[in-house]
Amino acid sequence: MLPSKSLPAAAHTPPRTIRLMGVPLDFGAARRGVDMGPSALRLAHLQSALRQLGHRVEDIGNLLTPDRDAVAPDADATFEVIAAVCADLASRTAAAVREGVVPLVLGGDHSLAAGSVAGVATALAERGESLGLIWLDAHADLNTPDTSPSGNVHGMPVAHLLGLGDARLARLAGERAAVRPEHVVYVGLRDLDDAEKHRLRELQLHAFTMRDIDERGLRAVMGDALAIATQGTGGVHVSFDLDWIDPSDAPGVGTPVPGGATLREAHLAMELLHDAGRVLSMDVVEVNPILDRHNRTAELAVDLLASAFGRRIL
């Protein structure tokens, strides 16, 4: 494990072009409703929050995603749909990075990250660079179809990004894996399956649990996470699942786990990501308006994204 690094002081950064991509995908989750996540985030005034910070915002709308009720309810059909959506998303995130634009992907369930991250990794690989990945989540999402207790694909994207599991999702960045184990960092884990624990140790993935945050503080943990994800990489993708935050603050998620990051810890994480100046792309996923209270979770997500893109207290 790398030693804790001092983080750069906050600085005003030049405006960026941010391209919003809605992915109303709910095939990877058991509970319905996350397909409405992109709309909930837009209704929470995401565009205006980013524009007020001086950024140029392009919204390409939602990617075409089939109606779940119109697809056969079996595992193979589910993987076919998710793979097709993720392939489309990968081509779009790769194009954005090639153009110097920040792809901000609005989910939808977390299976979409197999596509968003693969696309960014592809664009970096074309310039001879690797991608760092910071995974903010209560869960490791490291199962494969043969280890998953539930069969839910939103519990598998990191495995697919490492080249494991179903080939339709594991090869979206080409023959090689989208990310290398040494460049993947988890922050805030607190609910893992036994097979995931085994795979974390086997692959020697960097994982900071909520205990690490409790004992060392969020700032120290994020300092290490950024040092790991930026060492030898061309930049960082941040995949942000709203269940990373304690459900008392973010109730509108499908798989809530008590004991998550506090509201202030979440803001600090976003502020530190911004200050580092190495974030190329980002997902915000698993907002479920059906389970929410007055769009509270989507509004919180927008508030946090503003911090990630440069909003400061002073």
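Just so it is clear, none of the values below were taken in a lab; they were calculated from the coordinates. Values in this document were obtained by computation on a predicted structure and should not be read as measured data. So basically every Cβ, Gly included, is an ideal-geometry build from the backbone, and we count neighbours across all protein chains shown.
Just a few scattered comments:
- Only the Cβ atoms of Lys and Arg (+1) and of Asp and Glu (-1) were treated as charged; on that basis the dipole of the chain about its Cα centre amounts to roughly 1080 debye.
- GNM on the chain, alpha-carbon springs under 10 angstrom: the most fluctuating residue among His139, His110, His45 is His45.
- Largest GNM mean-square fluctuation across Leu89, Leu112, Leu46, computed for the chain with C-alpha springs under 10 Å, falls on Leu46.
- Near the amide H of His206, within less than 5 Å, lie the amide hydrogens of Val184, Tyr186, all on another chain or at least 5 residues away, with H placed in the peptide plane.
- Sequence-ordered 3J(HN,Hα) estimates for segment 135-142 from the Karplus curve with 6.51, -1.76 and 1.60 and θ = phi - 60° stand at 10, 9, 6, 6, 10, 7, 6, 10 Hz, glycine and proline given as x.
- Using the Karplus relation 6.51 cos²θ - 1.76 cosθ + 1.60 with θ = phi - 60°, the per-residue 3J(HN,Hα) values for segment 211-227 come to 4, 4, 5, 4, 7, 9, x, 5, 4, 5, 4, 5, x, 5, 4, 5, 4 Hz, with x marking Gly and Pro.
- Stretched out straight at 0.36 nm per residue, the stretch from Gln231 to Arg293 would grow longer than its current Cα-Cα span by 18.3 nm.
- Gaussian network model of the chain, Cα within-10 Å springs - most flexible of Ala29, Ala159, Ala220: Ala220
- R0 of 25 Å, Cβ-Cβ distance His198-Thr262: FRET efficiency to nearest 0.05: 0.25
- If the segment from Asp146 to Glu126 were pulled out straight at 0.36 nm per residue, it would be longer than the present Cα-Cα gap by 4.0 nm.
- Expected 222 nm ellipticity per residue - DSSP helices of 4 or more, -39500 (n - 2.57), all of the chain, to 500: -11000 deg cm²/dmol
- Stretchable slack from Ala72 to Glu175, in nm (0.36 nm times residue separation minus alpha-carbon distance): 34.2 nm
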